[in-house]
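One structure below.
Each value in this text was obtained by applying a stated rule to the coordinates, not by laboratory testing. Owing to the predicted nature of the structure, the values given are computational and were not obtained by experimental measurement. When we count neighbours, we look across all protein chains shown, and the Cβ atoms used for this are built from the backbone with ideal geometry, even at glycine.
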Amino acid sequence: MTNPRLEKIYQEAGRLFLTKGYANTKMAEIAKASGIAVGTMYSAFSGKDAVFSFVLHATLDPDHFSGDVTLPIKPAAATELIPLLKQVDKILDSIMVITDDHGNICKNFPALAGELFDFFADYLFATDNIKKNAEIYQELREEYFPCEQKYFRKLGDCLRQYMEAGQIRSFGHIMSHVPYLTDTMTWWALNANMQNPLEPVPRDTAKEICIDIIQKAYQADGRS
């Protein structure tokens, strides 16, 4: 995004929609957090629904707002956003491939965690806002939730394969570990900075901390 004002609105609106919810977030709050007048907000966006749509669209397709932007920005139709969400799902599917054509593991556990961290850092503003504010775009919610369940199943399968290969320690109740791992990665990828906006953690630092925590929690027995 090449417009600094829109970038600031994107960051602050995305944070407020996630932490407070769409219904409890006011245009005046977004304007104040973004350091602009309320009137300027309404010059840039046709309404709060347009701001929410903007956050999703700019996350799913960062290049969409990189050039000249016609103001005021209006809400995108669900039919415009669904193909972008499907493309993001394909990216996640490719990340979850950890074996080669012969069934041998070609992506180790820390590498998978690192790629997932980057994915969450890139796309959480959209996916988590779709989840938290599911009433705004019903069609997106219906598209996203099956994708999330598919990801959970695939991560569980990956954990089983890593255990069988001796890359991580053995443990039971694998599917209970899936949300724990996901929450750890999403916390450091985005939520830590949303909870502590005055002390942001640089992305590379957050990634290093996150991977270190996960590796220590799941290192194979006998490894140090």
Checklist outcome for this item: If every Lys and Arg gets +1 and every Asp and Glu gets -1 at its Cβ, then about the Cα centre segment 12-147 yields a dipole, in debye to the nearest 20, of 680
Checklist entry - Using a basic spin-label model with each label point 7 Å from the Cα along Cα→Cβ, how many nm lie between residue 152 and residue 38? => result 4.1
Checklist entry - Given [x] 1.11; [y] 1.28; [z] 1.16 as candidate values of Cα Rg over 2.2 N^0.38 Å, which corresponds to the one derived from the coordinates? => result [x]
Item to check | Contour excess over end-to-end distance, with Cα ends at residue 77 and residue 131 and 0.36 nm allotted per residue | outcome: 17.7 nm
Next on the checklist: To test your reading of the geometry: what angle, between 0 and 90 degrees and rounded to tens, separates the Cα axis of helix 109-132 from the longest principal axis of the chain?
Outcome noted: 30
Item to check | Charged-residue dipole, Cβ positions (Lys, Arg, Asp, Glu), segment 4-73 about Cα centre, Debye nearest 20 | outcome: 360
Item to check | residue 173-residue 90 pseudo-label distance in nm [points 7 Å out on the Cα-to-Cβ vector] | outcome: 3.9
Next on the checklist: Please compute the contact order of segment 78-218 in relative form: average sequence separation of alpha-carbon pairs under 8 Å and at least six residues apart, divided by the residue count, as a percent.
Outcome noted: 27
Next on the checklist: Give me the one-decimal nm value for the distance between modelled label points at residue 198 and residue 7, 7 Å along each residue's Cα-to-Cβ direction.
Outcome noted: 2.4
Next on the checklist: Counting only helical runs of four or more DSSP H residues, what would the 222 nm mean residue ellipticity of the chain come to if each run contributes -39,500 (n - 2.57) and the total is spread over all its residues?
Outcome noted: -21500 deg cm²/dmol
Next on the checklist: With a cut-off of 8 Å between alpha carbons and a minimum separation of six or more residues, what is the relative contact order of segment 4-65 in percent?
Outcome noted: 34
Item to check | Rg(Cα) / (2.2 N^0.38 Å) computed for segment 1-48, rounded to two decimals | outcome: 1.04
Checklist outcome for this item: Rounded to the nearest 10 degrees, the helix 4-20 long axis (Cα) sits at an angle to the longest Cα principal axis of the chain of 70
Checklist entry - Helix 174-186 versus the longest principal axis of the chain: what is the Cα-based angle in degrees, 0 to 90, to the nearest 10? => result 40
Checklist outcome for this item: Most packed first (mean Cβ within 10 Å per residue), the peptides 191-202, 156-167 order as 156-167, 191-202
